[in-house]
Amino acid sequence: MKLTKTSYAIYAWLLTYFILVGLILNNTVPYETDESFYITSSINMVKSHNYLLPTYFGDIRFQKPILPYWIVVLSYKLFGIHLWSSRILFLVIACLTLFTLYKFALLIIPHQEFAILTVLLLSSSSIFIEYSRLAMTDLVLTFFTTLSLYYFYKTLVQPEGLKINYFLGYITMGLAFLSKGFVGIFPLFAMLFYLIYLKPENYKKYLIYLIHPINLLAFMLIAFPWYLYAYTYHYRELFEQIKTESSAVSLLSNLESMIENMAYYFRVIVYYLPVTVVAAYVYLKKRTVFPKEFTLFLPYICAVLVVFIFFVERHRARYLLVLFPLLAILSAYLFYKNGLASTLKKVTIGLFCLHLTLFLLYSYFSGEPIKKLVLYWKNLQQGDLAVYGLDRYTTSWAQAFSEGRLKEYDKDVEYIILLKKDLDTFKNYEILQQAKLLRKIKFKNYRPIKDEREYVLIKRTSG
């Protein structure tokens, strides 16, 4: 592609996104407790040199596939153990997702304004920004499923590259499966539905190549070897955790739960990608006709919604992150076709700036006690550090900020971080530093009351 003034804009935006979101990589708030699984387990991998077995506070962890752990481990190997280094490759993956979306949009309408609008719509989503700065599996899954859909869609508009694009679609689908399991294969089901339902010209040829043994083998060689290792050497732990995870996935027999799930995920889409409301209004008013190739998106969107509405009782907003790139494409198409692209670009840039400002201010007003106390200890350059009585995700931050040097608590550790309310547990100590975390603000008789948690760093002293 020959670069023009307009096409340079996407690279400028990706660089801007990387730099600005990079400013909040080292912030502990807002937080997602599940991130501690990947931070702590990856630190253990680096220390033990066992890169196949994630362990979390002594427990083997097979709840999620291995790829996200490997990404964190790679980052630790490149940059050392820090909180920001736990996350930086996920920010890179976020930028790659935006670039994939840009290329995807150009396949649909070869016009820079439409492609850039699509990227800006996704960039303005607060949940996409949030998971761009967290070491978790959801963004990795989103990237690889979007990339797989891109290659499958490419076969529809550029049939001369049928074989290679199917192969690449399977490769990226295998990586999606290795990121978060069965949701990673939904692009294949979407493609099968498209071919069988619409029966495009030469659809039998498409089907034959789609299920070609080489493609299936490529998928299996990526998706299954780690599971084979886990089955061979840790059969009992693997199946115990599969049993635990599968217990949360079953057809909900309670109609009330299904309706509750449906309402919850509707709110998630509206809250985290509010431009979809405007897009829906534009569609109802203008009755814009979508290209027939968009039929590929429908079964994918429906499959994700059906699974999480009718089969999964737990509510997690991040479960729908895999849909947001496609929702951005559909919304951008409606805006572009109805002459609203210029206005929406300004709106989305404004939303991005607003969300980023809130992320930056969040840590300033809530406080980051663990960061403050660990950095104080590091400046002392002496003695071992441990935590006492803290939850696991807080302990994970302490591990990352201490560059993996945090010790298990015992009577010989000199420096300890704990909650101020637990000080009575110790007899001889010196308080070196205190810090507070603002959890929330309550109102009583119209007066704000802060709900704070106080942490202290103490040094043990003799008699």
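Just so it is clear, none of the values below were taken in a lab; they were calculated from the coordinates. In this text the structure is predicted, and so the values were computed from the model without any measurement. Backbone-built Cβ (ideal geometry, glycine too); neighbour counts: all protein chains shown.
Each of Leu406, Leu221, Leu53, Leu255 was scored by other Cβ atoms within 10 Å of its Cβ. Listed from fewest to most, they are Leu255, Leu221, Leu53, Leu406.
Given the peptides 282-288, 452-458, arrange them by the average over their residues of other C-beta atoms within 10 Å, most packed first.
Order by mean packing, descending: 452-458, 282-288.
Neighbour counts of other C-beta atoms within 10 Å: give me Lys64, Lys427 arranged from fewest to most. The fewest-first ordering by Cβ neighbours comes to Lys427, Lys64. In the chain, the calculated helix contribution to ellipticity at 222 nm averages -20000 deg cm²/dmol per residue, counting -39,500 (n - 2.57) for every DSSP H run with n ≥ 4. Given +1 at the Cβ of Lys and Arg, -1 at the Cβ of Asp and Glu and no other charges, the dipole of the chain around its Cα centre is 1120 debye to the nearest 20. The phi-based Karplus calculation (6.51 cos²θ - 1.76 cosθ + 1.60; θ = phi - 60°) puts the 3J(HN,Hα) values of segment 444-451 at 10, 6, 6, 10, x, 10, 7, 9 Hz, whole numbers, x for Gly and Pro. Extending 7 Å from the Cα toward the beta-carbon at both His111 and Cys302 defines two label points whose distance is 3.0 nm.
Using alpha-carbon positions, what is the distance between the centroids of segment 260-286 and segment 44-75, in Å? Spelled out, the Cα-based centre of one part sits 37 Å from the other.
What is the Cα centroid distance between segment 89-138 and segment 386-452, reported in whole angstrom? If you average the Cα positions of each part, the centres end up 37 Å apart.
Neighbour counting of Cβ atoms within 10 Å sorts the residues Arg405, Arg318, fewest neighbours leading, into Arg405, Arg318.
For Val307, what charge total do you get from the other residues with a beta carbon under 13 Å from its beta carbon, if Lys and Arg give +1 and Asp and Glu give -1?
So the surrounding residues net to +2.
Taking 30 Å as the limit for the C-alpha separation, the pairs Lys47/Lys421; Lys77/Lys378; Lys378/Lys411; Lys103/Lys286 exceed it in the case of Lys47/Lys421. The structure shown yields Rg and Dmax of the Cα atoms in Å, and of the options [x] 46.9, 185; [y] 24.3, 86; [z] 24.5, 78 that calculated value carries the label [y].
Taking Cα atoms, how many degrees apart are the long axis of helix 8-22 and the longest axis of the chain, rounded to 10 and kept between 0 and 90? Long axis of 8-22 versus the principal axis of the chain: about 20 degrees. Under 13 Å of direct C-alpha separation, and excluding same-chain neighbours fewer than eight residues apart, Lys372 reaches these aspartates and glutamates: Glu454.
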